[in-house]
Amino acid sequence: MPEIPVDLRCKTACAFVAGREHLKTQTPCQDYVAARESNEVTCISLANGADSRASSEIGARVAVTATLAFVCKNFESLWQNMDKHNAKAAQRLVNRCLDAFRRKSAKLGGEINDLACSLSFVAYSRGRYLAGHLGDGVIASADADGHLQALSHPENGEPANSTLFLTDHKAASRLRLYRGQIEATTGFAIMSEGTAESLYDKASGAPAPAIQKLLELNATLPRKKMKEVLADNLQQSIASKTEDDCSLGFLSILKP
């Protein structure tokens, strides 16, 4: 494999909005997405709270916060051991989220199942990436030629119209992990189920071309301006087409 430059930088952008149904009922947005940079690692993570659970909007925030901290702290060990110990790496991450759920549910006086949510993340460090995905939503990647592909497709649970959550007893075995080296990749996008209705073709399994355009904008626009562009697109072009909450996160690899 060719030597990969380690001085590539990246930029992140995230946004989430409540869907029409939650706006109508004045209930909280159950999607959450955020980014973190520490230990020479940049990570974006997204969680979609379960509609049927009492505090899933809180669970989504707890899961994303725990994932960002865990992956940024443990990127190197996860990268080095993933091929031989993929199951162990998945279990470590799920355990970290469940521990955070237990602490939060104890404060709330509820059960950890009240915090149920799906999870996805992408992390970048020194020319390499790690990604993980449990449940619905999509992880997309784009190369330098603008070719988009789904790195990770939605996965449903049982019954078929349900999804998988971190609180499920098989969560660790169903958490899909990926790793790779950055050669000509321009970036990654993570999206929730509501966003995927507009930016992912279920029939072909392909992300929409708008993903590439937004990745390019994220690489060139000032952070404040990109935040406004992303929020406007999510609110006006995406959330208006679905009842579901919508969230979207970008990690753009910058050219040296």
Can you tell me which residue is farthest from Glu21 (Cα to Cα) among those in the range 212-239 that are open to solvent by 60 Å² or more (accessible area, probe 1.4 Å) and of a type in the set (S, T, N, Q)? Thr220
I'd like the residue in the range 167-210 that is of a type in the set (Ser, Thr, Tyr) and within 16 Å of the chain's Cα centre (by Cα) and, out of all such residues, is farthest from Cys43 (Cα to Cα). Tyr200
So Ser38 fits all but one of (1) closer than 29 Å to Ser252 by Cα; (2) of a type in the set (S, T, N, Q); (3) open to solvent by 70 Å² or more (accessible area, probe 1.4 Å); what number is the exception? (3)
For the range 202-224, how many residues meet the condition of being outside any loop (DSSP other than H, G, I, E, B) and either touching a helix residue (DSSP H, G or I) at 6+ places or on another chain (Cβ under 9 Å) or at pLDDT below 95 (or both)? 14
For the range 241-256, give me each residue that is under 26 Å from Ala50 (Cβ atoms) and open to solvent by less than 60 Å² (accessible area, probe 1.4 Å). Thr242, Asp244, Asp245, Cys246, Ser247, Leu248, Gly249, Phe250, Leu251
Only one of (1) buried (at least 18 other Cβ atoms within 10 Å of the Cβ); (2) at pLDDT 95 or above does not apply to His153, and that is (1)
Given the condition hydrophobic (A, V, I, L, M, F, W, C), open to solvent by less than 30 Å² (accessible area, probe 1.4 Å) and more than 14 Å from Thr167 (Cα to Cα), answer yes or no: does some residue in the range 84-107 qualify? yes
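The values are calculated or read from the model by the stated rules, or taken from the named source; none is laboratory data. All values reported here derive from a predicted model rather than from experimental measurement. Positions of Cβ are generated from backbone atoms using ideal geometry, with glycine treated the same way; all protein chains shown enter the neighbour counts. For the accessible areas, the whole protein counts, side chains as well, though only heavy atoms, and no ligand, DNA or RNA atoms are used. Shrake-Rupley method; radii C 1.70, N 1.55, O 1.52, S 1.80 Å.
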